[in-house]
Amino acid sequence: MFSVFLLALLSPVQAVSVSISPQQIEEGDTITIAISGLTNGSVFALRMESAIELEDNTSEFTYQANQVTVPFALNNPRVNLLASPVIEAGLEASDGGVIRRIIQEAYEDEVSLFQRLDSMPAGTMNRMKAFGTVVDNATYVDMTLELSGTKEGPDSGSITFGLEGISDGSARIIVLVDGSQVMNQEVIIGSPTITPTPHPTAPPASSSNGGQSGQPAVDGVIVSSLDSKVRLTTLETSIADAPVEEIRIIQSEPINLPSDWIALSDLYIITPSDVTFTPHAELSFLSNNEGEVPFIASYSNNEWRMVPSRFVGSYLVTEIGTSGQYALFTYPATDQTQSETPESTQAAATPSGTVVPVDSTEIPQTQIPQTQESAGGLMALIGAGIVGSIIIARTRRP
């Protein structure tokens, strides 16, 4: 069960073709992700997610992809892993007799692991494994894994991997290019008996002092990025043109930045591309950069535009009516004395100076917990095999 690859940056989405086969497999079978039209300089990402069913009295989980082949290199790759409810979770890669491993303890029964890696060459890895220890009495583990990077090498090829240790389950594989989804497909493994938990969750209601009351907000939904730094908060009745369980926040590298802007975050992509929110949803960025005046901007049609925002505790919050691509920025230090603080911003200027009005429909505010940062220091080898995994399934005990 693992994985993720993300996006093509500078090439047009229409030129990229992705297919996944077969759509149903048995344990040990090979999955093939065929890709064509992916030019050099593209940011490619693949995301897989599912629920791992556990047998009675099982305290550990492990899933393994064998002979993982990637036809092109990934420069500046990074990997995100999210697993719950767990005590700890991690990744292990084996190649040429060398084993590399990263593991992280959970925060509130959840591991949110983020690592930037060295460049990852094309080729085949012997084994890639996700593993961990679950909390007491857990019957399943929800897991999501993403790998992304800037592609270098052949424009066409196939990512392949075989799966071991999984008897019954399913994997949802999502591929994006330039922030646009080009493939979203479920692969069935054996005869699964469980349904993955929907990704969005109901937020706790805010109390009068800004804390959490502990009572779920009626009809409330929160969708988080895997690094827990960005969250979308809305009401289920506000969502149109997409099922709530299909809404995601996916990370990529910001591109085409204005020369006088400094990026403080990754690019965060709200998908599916046709989802709408009425009234508007709140998109919140964790902002703890002391001495900087941050602002949120949206990216569309090769142009960045500042959007109105306000501080809510440690978060900078904007309101959005549709899907889109967003990032957090600041100006160079010499320019910041001339910048308005986000609290007073009602409309903001694009790099060309045009004022962009944004509706300000309010929705219930939610206190968002502090981010738990991942453990440090891993290596490129971890990234090389993540290509095929978030397969969520029932484990077969050894």
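The values are calculated or read from the model by the stated rules, or taken from the named source; none is laboratory data. Values in this document were obtained by computation on a predicted structure and should not be read as measured data. Virtual Cβ from ideal backbone geometry, glycine too; neighbours counted across all protein chains shown.
Descriptive notes on the structure:
- Scan of the range 246-282 for residues that are over 14 Å from the mean Cα position of the chain (by Cα), of a type in the set (A, V, I, L, M, F, W, C) and at pLDDT 90 or above, ordered by number: LEU257, TRP261, ILE262, ALA263, LEU264, VAL275, PHE277, ALA281
- Residues that are aromatic (Phe, Trp, Tyr) and either surrounded by fewer than 19 Cβ atoms within 10 Å (Cβ to Cβ) or assigned to a strand (DSSP E or B) (or both), drawn from the range 54-112: PHE61, TYR63, TYR107
- Looking across THR334, THR361, one residue alone is outside any loop (DSSP other than H, G, I, E, B), at pLDDT below 90 and either of a type outside the set (A, V, I, L, M) or under 27 Å from the mean Cα position of the chain (by Cα) (or both). It is THR334.
Quick grid of which residues meet (1) touching a Gly at 6+ places or on another chain (Cβ under 7 Å); (2) in contact (Cβ under 8 Å) with a residue 24 or more places away in the chain; (3) in the same structural domain as ALA73 (by TED's automatic domain parsing):
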site: ALA89; (1), (2), (3): yes, yes, yes
site: ALA93; (1), (2), (3): yes, yes, yes
site: ILE99; (1), (2), (3): no, no, yes
site: GLN115; (1), (2), (3): no, yes, yes
site: MET120; (1), (2), (3): yes, yes, yes
site: GLY123; (1), (2), (3): no, yes, yes
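- Residues (assigned to a loop (DSSP other than H, G, I, E, B) and over 17 Å from ASN184 (Cα atoms)) located in the range 238-259: GLU253, PRO254, ILE255, ASN256, LEU257, PRO258, SER259
- Annotation note: of GLU88, GLU49, GLU55, the sole residue that is modelled with pLDDT under 90 and more than 26 Å from LEU267 (Cα to Cα) is GLU55.
- Tally of residues being in a loop (DSSP other than H, G, I, E, B) and either without any contact (Cβ under 8 Å) to a residue 40 or more places away in the chain or not β-branched (Val, Ile, Thr) (or both) across the range 260-293: 14
- Restricting attention to the range 113-131, the residues that are over 20 Å from the mean Cα position of the chain (by Cα) and over 17 Å from ALA45 (Cβ atoms) add up to 6.
- Restricting the range 212-237 to residues that are among the polar types (S, T, N, Q), farther than 25 Å from LEU81 by Cβ and in a strand (DSSP E or B), the residue that is modelled with the highest pLDDT: THR234
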